[in-house]
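Structure first, then comments.
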Number of protein chains: 2
Amino acid sequence: MTRHRYLNFVLLNKPETAMGTVCCISKFATLSYVRSRPFSSFLPSHPFPSTTSTNFSLASSFSSSVTLSFTWNDAIGISESQTDTQDRSRYLQGFFNKVQLCNRGSEKQSEFLPFVVEDHIVGFIHNGFVEHLRGFGDVFVFPKEKFNGGPNGDFVSLHPMLKTADERTSAVGYVVQQLGEERIPGIRNELYPVTSSFGAPIFFSLERAAAPYFGIKAYGVHMNGYVEVDGQKHLWIGKRSDTKQTYPGMLDHLVAGGLPHGIDCQENVIKECEEEAGIPRSLSVKAIPVGAVSYMDIDGYRYKRDVLFCYDLKLPKDFIPNNEDGEVDSFKLIPVRQVAEVIRKTQFFKTNCSLVIIDFLFRHGYITPEYHGYLDLLRSLRIGDCS
Amino acid sequence: MTRHRYLNFVLLNKPETAMGTVCCISKFATLSYVRSRPFSSFLPSHPFPSTTSTNFSLASSFSSSVTLSFTWNDAIGISESQTDTQDRSRYLQGFFNKVQLCNRGSEKQSEFLPFVVEDHIVGFIHNGFVEHLRGFGDVFVFPKEKFNGGPNGDFVSLHPMLKTADERTSAVGYVVQQLGEERIPGIRNELYPVTSSFGAPIFFSLERAAAPYFGIKAYGVHMNGYVEVDGQKHLWIGKRSDTKQTYPGMLDHLVAGGLPHGIDCQENVIKECEEEAGIPRSLSVKAIPVGAVSYMDIDGYRYKRDVLFCYDLKLPKDFIPNNEDGEVDSFKLIPVRQVAEVIRKTQFFKTNCSLVIIDFLFRHGYITPEYHGYLDLLRSLRIGDCS
């Protein structure tokens, strides 16, 4: 994936402007077999007031975003700008917008075919991407060759000759290699497990960059590192290196990473703590798992179905993080309320970090039931298949 | 509701025995307009091992429960009994059982008709209970008198002459009074708001005891009060008075209460803190909201759709709770890990408290992703319509 693509995504050096309207929940809507709901069903069932202008936008389309970069000073300036937190009817709007940025395209689910292995749906493949796979008839079996037995009568599966995980990993890996950077940009040579749900049997392993093209679920760990100073919590925030392939220059958690095949969540947190922030094992073993968030995002042929395990680590006041793998430009310790303002008012954060920080805001009491849309925002943190 | 009924519910003085089997999730299942899923869809998509015996049962039927009472000594004894927390494949089973006890009868949803006010579904009424309402044709309008416009073609609504909230409150209140203790036991003379979702317009108010007979959503606040001693968290647990009308003698949160019409969550927490545990406002204002759990439970004509706002309050080590309304027999401070064992191994806790304590266990790192079924248990804490 090129840097240009990501620059087009989400960099903004000014607060969003002009508020959008919000759909009502239809109580009569039936839900699809995907076990996921359109984003609109998580929005408040009663619209935010739209008669007055606000500082925030629905920002449903990335392509219209301004693509300038920003500095720490820009972020700190916005975080310190005054906000009327007493306006309970509109305060959560900026958070809803960020959740929506992680959950685009639910209306396009019908363009995807289920990808089925051993009678389990493990992914979803776009009709257009299926055409790229048709040349590999010894690896994939396509709808026309099967009886109409799937939920919509159609699905893609693996060739029955591929019986073991190793055979499947090798065969699909060959296809990914053949399709190359043109069809599957950003190949990392890192394998993700293909499974129907976390902890279930692993059917095979797939190149990480290919995961969204096959719509397989990807798991990750995200850690909020915080410090308590005079009773006030502060979050350590990273700014990604400008040369990082994905989301260059954007704000990030202290520690986060994908969960590759063969390592458990805690060990992965400990490993990433060391690599990304120089946190020694003696501290990182104290990171506690606190739940999970999930989202589903359709972007062209890509169907991301991500589940992020969330961790909190309370750090000593004198700890200073130190990036050891060159992927982080710098870190800053920012009061939680100011981090919340950056999330609400900008798109400076890597999109999925917003979800994990909003989850932190809920668990630590920064978002309260008195704000309009509390339960809707809470539910929206687990869109898609959180399993 | 008689004491006998509640004794029949959940009192056990011994750990559960014999494990049940657990259904697989069907990825192909379509979901109903109720925005809720059968409990089985929240169970792990891959069954717990069933080839070996365990100490825990699925306990899907209350009626077969032993109905003896228990003492603090019984609870403490069980909490201290050894558990192999290293058995990651089965450790969560006891928690799943408790979630299931809050979410019975999803297969009976079809016996209920939607209760619609101003085009919003506000509740669900059992076909049998509808027959009790037929004598009140100036208050309710029934399916046969309306065109088939509902989700299943049928619904119950209020008479169009009842236009204001006050008129509706008064008219439905009259019906509740006429039906009396025989049809609606446990009348409390406490009004709950009738709404489609939290924070949405309130259509009228309804006697609390009648809420499940009309299937309206009920909101409450539950607070975990905890103390940190030498880095170990302990929870203050209450034991309900043996003379309390509901769930006598059972274990409970330090503070919990329904959310009546006209009071916000924080004020309700502060009020209940004072009444139930003698916690002064200077301490209770520090209670932080940390999220919400929900469940849906069908029991005969009763359809409970509850949403509980969860609070944490870290208390000083020297604080001793003191019940001021006679509803609590006594309190004990118990290490969190031991509370978890009581939840897993017994049915000593009032059923919905288990959900809120399991949520606490997630947020404070006592349940980790390494345990089989982590995400399924996490999702199961918000069954039904958490809005």
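The values are calculated or read from the model by the stated rules, or taken from the named source; none is laboratory data. Not measured: the values here are computed from a predicted model. We place every Cβ from the backbone using ideal geometry, glycine too, and count neighbours over all the protein chains shown.
Brief remarks follow.
- Single residue of the stretch A:66-123 satisfying the filter (farther than 16 Å from A:S380 by Cα and touching a Leu at 6+ places or on another chain (Cβ under 7 Å)) that is surrounded by the most Cβ atoms within 10 Å (Cβ to Cβ): A:A75
- Among the residues examined, A:G384 qualifies as assigned to a loop (DSSP other than H, G, I, E, B) and either of a type in the set (S, T, Y) or within 25 Å of A:F124 (Cα to Cα) (or both).
- Residue list for the stretch B:295-312, restricted to those being among the basic types (K, R) and crowded, with 21+ Cβ neighbours inside 10 Å: B:K304, B:R305
- Residues in the stretch B:173-197 that are touching a strand residue (DSSP E or B) at 6+ places or on another chain (Cβ under 6 Å) and either crowded, with 20+ Cβ neighbours inside 10 Å or within 14 Å of chain A (Cβ to nearest Cβ) (or both): B:Y192, B:P193, B:V194, B:S196.
- Complete set of residues in the stretch B:347-367 that are over 17 Å from the mean Cα position of the chain (by Cα) and under 18 Å from A:S294 (Cβ atoms): B:F362, B:R363, B:I367
- Condition met for B:K239 (within 12 Å of chain A (Cβ to nearest Cβ) and in a strand (DSSP E or B)): no
- Residue list for the stretch A:287-314, filter: part of a strand (DSSP E or B) and either modelled with pLDDT under 95 or of a type in the set (F, W, Y) (or both): A:Y295, A:Y303, A:F309, A:Y311
- Single residue of the stretch A:350-387 satisfying the filter (hydroxyl-bearing (S, T, Y), crowded, with 21+ Cβ neighbours inside 10 Å and more than 26 Å from A:P248 (Cβ to Cβ)) that is farthest from the other protein chains (Cβ to nearest Cβ): A:S380
- Condition met for A:H234 (surrounded by fewer than 22 Cβ atoms within 10 Å (Cβ to Cβ), touching a residue at least 12 places away in the same chain (Cβ under 8 Å) and either under 22 Å from A:V328 (Cβ atoms) or under 14 Å from the mean Cα position of the chain (by Cα) (or both)): yes
Every residue, every condition in (1) surrounded by fewer than 22 Cβ atoms within 10 Å (Cβ to Cβ); (2) of a type in the set (A, V, I, L, M); (3) more than 21 Å from the chain's Cα centre (by Cα), yes or no:
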{"residue": "A:V227", "(1), (2), (3)": "yes, yes, yes"}
{"residue": "A:K239", "(1), (2), (3)": "yes, no, no"}
{"residue": "A:P280", "(1), (2), (3)": "yes, no, yes"}
{"residue": "A:V293", "(1), (2), (3)": "no, yes, no"}
{"residue": "A:L315", "(1), (2), (3)": "no, yes, yes"}
{"residue": "A:D325", "(1), (2), (3)": "yes, no, yes"}
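- Matching residues in the stretch A:88-118 - criterion: being farther than 24 Å from A:F140 by Cβ and acidic (D, E): A:E107
- Scanning the stretch B:207-217 finds one or more residues that are touching an Asp or Glu at 6+ places or on another chain (Cβ under 9 Å), within 14 Å of chain A (Cβ to nearest Cβ) and not aliphatic (A, V, I, L, M).
- Close Cβ contacts (under 6 Å, 6 or more residues apart or on different chains) running from residues in the stretch A:61-77 that are modelled with pLDDT under 85 to residues that are surrounded by fewer than 15 Cβ atoms within 10 Å (Cβ to Cβ) comprise A:T67/A:N8.
- Total residues in the stretch B:251-286, condition part of a helix (DSSP H, G or I) and under 27 Å from B:I216 (Cα atoms): 11
- If the condition is being out of contact with any helix residue (DSSP H, G or I) (no Cβ under 6 Å at 6 or more places or on another chain) and either under 19 Å from A:I334 (Cβ atoms) or within 14 Å of chain B (Cβ to nearest Cβ) (or both), then the stretch A:293-307 contributes A:S294, A:R305, A:D306, A:V307.
- Residues located in the stretch A:169-219, provided they are in a loop (DSSP other than H, G, I, E, B), within 21 Å of A:H132 (Cα to Cα) and charged (D, E, K, R): A:R188
- Matching residues, the stretch A:233-254, being in contact with a helix residue (DSSP H, G or I) (Cβ under 9 Å, 6 or more places away or on another chain), within 18 Å of A:L355 (Cα to Cα) and of a type outside the set (V, I, T): A:H234, A:L235, A:W236, A:G238, A:K239, A:Y247, A:M250, A:L251, A:D252, A:H253, A:L254
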